[in-house]
Each structure stands twice: as structure tokens, then as C-alpha cells.
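Every read-out reported here was derived from the displayed coordinates using simple, explicitly stated rules and does not represent laboratory data. Given the structure is predicted, the values throughout are model-derived calculations rather than measurements. Here the Cβ is made from the backbone with ideal geometry for all residues, glycine too, and neighbour counts use every protein chain on show.
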């Protein structure tokens, strides 16, 4: 029976790859969450901008207009901050993705080596079996010809 001498290393690399894949999934969810937050902030800004236009028509509510302008300014700052968060999260995602790709390459290298060694092992086993079968057939032939003589 064939036993790959580097199987513990292959198992370790598979484990590393699985962990990186899980981490990548978590980071991807974090990126999506940050994008969702940005979308909500933008929606809120649009809502308050429309509300500001309504209040500007009514000149009696100057205090509310000022509050609304201040809030819109704060939302703009929040949008800029959220875009930086998304950029940072995407950077982490790309780094982790690169690590996963590298881990996959290392594992695949060992997989190919294992496959190559297994083919060589199977070929040598088949060759030994064929040699044994040839020898048995040759012995039978020799016995039959010696019995006939």
C-alpha cells in the first residue's frame, strides 16, 4: 500500500488553507457590512437633504435649517470616514486573498508530487505483478512441456 512520506506536511498545508479561507470569508462579510453602513449613511443624507429643501421654503424654521445643515455636514464626514473603512477592509481582504492563493499553490504542489509518486508506485507494483505472472506462466509452460516429453 502506498504511503506518501510528506502526508503530514500536506495535511498541515490543507489546514492552513482552510483557516485562511474561513478568515477570508469573515473579512468579506466585514467588507459587505461596511458597504451596507455606507449605503445607509448615504440614504440618510439624501433624506435629510430633501428635508432641508422643504424647511428652506418655510423661513420661520431657521434654527431647524441650521441644525439640518450641521447634521448634513456631519453625515458627509461620516461618509468619508466610512469610505476609508471600506478601503481598509478591502485592503485586508486583498492581503488575505493573496495569502490564500499562496497557500493553495503550496498545497497543490504537494498534491501534484503525491499524485506523481502514487503513479510511480502503482506502475512499479503493476510491473512486479506482471513479472510474477510471467514467471508463473513460464513455470507452467516448462512443467507442461517437461510432462509431455
Which of (1) loosely packed, with under 11 Cβ neighbours inside 10 Å; (2) closer than 26 Å to residue 29 by Cα does residue 141 not meet, given it meets every other one? (2)
Limited to the stretch 3-57, what total is found for residues that are closer than 30 Å to residue 71 by Cα and either in contact (Cβ under 8 Å) with a residue 60 or more places away in the chain or touching a helix residue (DSSP H, G or I) at 6+ places or on another chain (Cβ under 7 Å) (or both)? 16
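The rows are residues; the columns are (1) buried (at least 17 other Cβ atoms within 10 Å of the Cβ); (2) more than 22 Å from the chain's Cα centre (by Cα); (3) closer than 17 Å to residue 94 by Cβ.
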position	(1), (2), (3)
2	no, yes, no
12	no, no, no
26	no, no, yes
29	no, no, yes
37	no, yes, no
Of the residues in the stretch 69-87, those that are surrounded by fewer than 16 Cβ atoms within 10 Å (Cβ to Cβ), within 24 Å of residue 26 (Cβ to Cβ) and in contact (Cβ under 8 Å) with a residue 12 or more places away in the chain come to 83
Which number in (1) under 30 Å from residue 97 (Cβ atoms); (2) free of Cβ contacts under 8 Å to residues at least 40 places away in the same chain marks the one condition that residue 65 misses? (1)
Here is a list: 106, 92. Which entry is under 28 Å from the mean Cα position of the chain (by Cα), in a helix (DSSP H, G or I) and more than 30 Å from residue 37 (Cβ to Cβ)? 106
Taking the stated definitions as given, is residue 118 in contact (Cβ under 8 Å) with a residue 60 or more places away in the chain, exposed (fewer than 15 other Cβ atoms within 10 Å of the Cβ) and farther than 30 Å from residue 24 by Cα? yes
It is to be established whether one or more residues within the stretch 88-99 are surrounded by 12 or more Cβ atoms within 10 Å (Cβ to Cβ) and more than 23 Å from residue 16 (Cα to Cα). yes
